[in-house]
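Below you'll find the structure, written out as structure tokens, and then a few comments.
The values are calculated or read from the model by the stated rules, or taken from the named source; none is laboratory data. A quick note: this is a predicted structure, and the numbers were derived from the prediction, not measured. Cβ atoms come from the backbone with ideal geometry, glycine included; neighbour counts cover every protein chain shown. We work out accessible area using only protein heavy atoms, side chains counted, and drop any ligands, DNA or RNA first. Shrake-Rupley method; radii C 1.70, N 1.55, O 1.52, S 1.80 Å.
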Amino acid sequence: MAVLNELEPRQVFQYFEEICGIPHGSSHTEKISDYIEGFAKEHQLDYKRDAVGNCIIYKDASQGYESKDTVILQGHLDMVCEKEDDCDIDFQNEGLRLQVKDGIITAKGTTLGGDDGIAVAYMLAILSDDTIEHPSLECVFTVDEEIGMLGAAAFDMSLIKGRTMINLDSEEEGHFLVSCAGGITSTVHLPYEIEDVSRDTYLVTVTGLEGGHSGAEIDKGRANANMVMGRVLNHMKKADESLRIVRVNGGLKDNAIPRKCQAVINADSEEKLMAVVKNLNEILGNEFKVTDKNIVVQLEKQQNQSETMDEVSTQRVIAALLNLPNGIQRMSFDMPGLVETSLNLGILKTEEEKKEVTCSFSVRSSVNSEKQELVEKLESLAGLLGGYLTNQGAYPAWEFKENSKLREVMIDVYKNQYGAEPIVESMHAGVECGLFSGGLSGLDAVSIGPDLKDIHTPKESMDVESVRRVWEFVLEVLKTM
């Protein structure tokens, strides 16, 4: 049953709801790429689809716009799949459960995927409507943006002729993004040895955190569940030296601040562990009373497991979680208030078959040398801890363009529509404009979008009226171009 069919603009929300009905989490975008390809065929539009699932759909200029410069519209197909603990949705096989209340769209128990499903919906609505005035269009749909912009990195830039691009992957109406940080995913690998012990087994859980986007919200002071777990295990190890780690896992995406982390441990004294839990709940509750007021550490008895990491391996994992850098590393002095360099330990995982613990970081910086320096720091610390570092998904910073025709047109249209000046800004979170500007010489790009809140968390929401206003704004920009 359609939930959004009464909302305006209808064609946009129709496509958004169809998208939400198709599983499209990062690394699982085959079905959504099939949908885009099917759309192009249905509407008899030229298109290309590459081996990884990226799609580009072409549409000729409307009458009177044949001589105007081609405009690229761009967004990504994948979404971050996060859910509440009591939500039973299967992200790989089920669609989202949409709900609307007081003009706000959410998904029951999960992320909404407005980042970046609304961009896809905007583009499909434009492509399907022959009454809209516009120059020739190249609509680019990339995959796996949320896990390192892998689709954009693999995209064949020769398929694009335009040099004017409106990216639709921003989350704050009235804000024009004109440059961003570059980044890379760096993973610390910590091999471990095992031993057999005869001790009680416990599940330690750090939960109740706010989480959020590791670029947009890294400056909010929110706790990282993986880093907090390192602190918890260190205190427990000091209280009970017999403690050994069986496994430790936390976070699902390297670019999402993890909300939950769990460790299975063996130890002699439940009493000592409970004392640590009680003490840390008081300390953490006070430290994060503003940013993560529901943070809690829990301890539960489990069925005994005799195979654990040995003493040295346990100490190494705890040392890594205590000493690997995380969060803001440097603020910008050129743009006050802007984070210049940061990293986020988004995924902590015990690979039992490989016998290694992996720590995956999203590393970001608007200064390439600082990004490289931070990666080298991780590599050095990994080596000292008996491990090694791997890197993937590097993308360049998107540098500010001093003279931008597109930006000036968009500012003028905005002032006419809203009666106010837009906010032109740079941001710490990476966007695909960096990769496209690196591959398309002279690219003029601006990133915009409607109001989305709490992206990458189950609280994610999208404002209906903001979607409508941005839709009208995009159409006017295309007409003015």
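General observations
- Principal-axis analysis of the Cα atoms of the chain puts helix 225-239 at an angle of about 10° to the longest axis.
- Against the criterion of solvent-accessible heavy-atom surface with a 1.4 angstrom probe, Phe16, Phe288, Phe400 sort, most first, into Phe400, Phe288, Phe16.
- The largest-to-smallest principal axis extents of the Cα set in the stretch 415-454 are 35, 28, 14 Å.
- Gyration tensor verdict on the stretch 274-329 (Cα atoms; rounded if a/c is under 1.5, prolate if a/b is larger than b/c, oblate otherwise): oblate
- Using a probe of 1.4 Å, the accessible surface attributed to His175 totals some 30 Å² when neighbouring protein chains are kept in position.
- Sum of -39500 (n - 2.57) over DSSP H runs of 4+, divided by residues of the chain (222 nm, nearest 500): -9500 deg cm²/dmol
- Over the C-alpha atoms of the stretch 413-481, the Rg to Rh ratio, Rh being the Kirkwood estimate, stands at 1.00.
- The stretch 378-430, Cα convex hull volume normalised per residue, Å³: 120 Å³
- Within straight-line cross-link reach of Lys272, aspartates and glutamates at Cα separation under 19 Å, skipping those fewer than 8 residues along the same chain: Asp200, Asp240, Glu241, Glu282, Glu300, Glu311
- Remark: spin-label model distance Ser380-Gln315 equals 2.3 nm, labels positioned 7 Å along the Cα→Cβ axis.
- Degrees separating the helix 405-418 axis from the principal Cα axis of the chain, which is the longest one: 90 degrees
- Global form of the stretch 4-104, assessed from the alpha-carbon gyration tensor, a/c cut-off 1.5: oblate
- Label zone at Glu307 (point 7 Å along Cα-to-Cβ), backbone N below 17 Å, the stretch 253-267: 264-266
- Restriction of the GluC sites (Glu not before Pro) in the stretch 33-83 to DSSP coil positions whose beta-carbon has at most 15 other beta-carbons within 10 angstrom yields Glu66.
- Taking every protein chain into account, the 1.4 Å probe leaves Asp451 with about 40 Å² of accessible area, to the nearest ten.
- Principal-axis analysis of the Cα atoms of the chain puts helix 464-480 at an angle of about 40° to the longest axis.
- Kirkwood-type hydrodynamic radius, the stretch 144-255: 18.8 Å, calculated from all non-identical alpha-carbon pairs.
- At full extension, His43 and Lys220 could sit 59.3 nm farther apart than now, given 0.36 nm per residue minus the alpha carbon distance.
- Summing charges over neighbours of Met410, with a neighbour being any other residue whose Cβ is under 11 Å away from its Cβ, gives -1 when K and R count +1 and D and E count -1.
- Ranked by the mean number of other Cβ atoms within 10 Å per residue, highest first, peptides 352-365, 321-334, 204-217 order as 204-217, 352-365, 321-334.
- Taking a point 7 Å from the Cα of Ala275 along the Cα-to-Cβ direction, the residues of the stretch 227-257 with backbone N closer than 18 Å to it are 232-244.
- Amide H contacts under 5 Å for Arg330, placed H, 5+ residues apart: Glu340, Thr341
- Given Lys68/Lys101; Lys355/Lys377; Lys31/Lys59; Lys59/Lys415, the pairs whose alpha carbons are separated by over 32 Å: Lys68/Lys101
- Computed with every protein chain present, the accessible area of Lys260 is close to 70 Å² [probe 1.4 Å].
- Sequentially through the stretch 63-68, phi angles give Karplus couplings (6.51, -1.76, 1.60; θ = phi - 60°) of 4, x, 10, 4, 8, 7 Hz, Gly and Pro residues having no value and appearing as x.
- Global geometry of the chain, whether rounded, prolate or oblate, following the gyration tensor of its Cα atoms and the 1.5 cut on a/c: prolate
- Each listed q (0.30 Å⁻¹) maps to a log10 I(q)/I(0) for the stretch 71-113 from the Debye sum over equal C-alpha point scatterers, namely -1.12.
- Whole-Å distance, taken between Cα centres, linking the stretch 409-481 and the stretch 333-402: 27 Å
- Phi-derived couplings, Karplus 6.51 cos²θ - 1.76 cosθ + 1.60 at θ = phi - 60°, listed residue by residue for the stretch 154-170: 8, 5, 7, 5, 5, 6, 9, 9, x, 10, 10, 10, 9, 8, 10, 10, 9 Hz, with x used for Gly and Pro.
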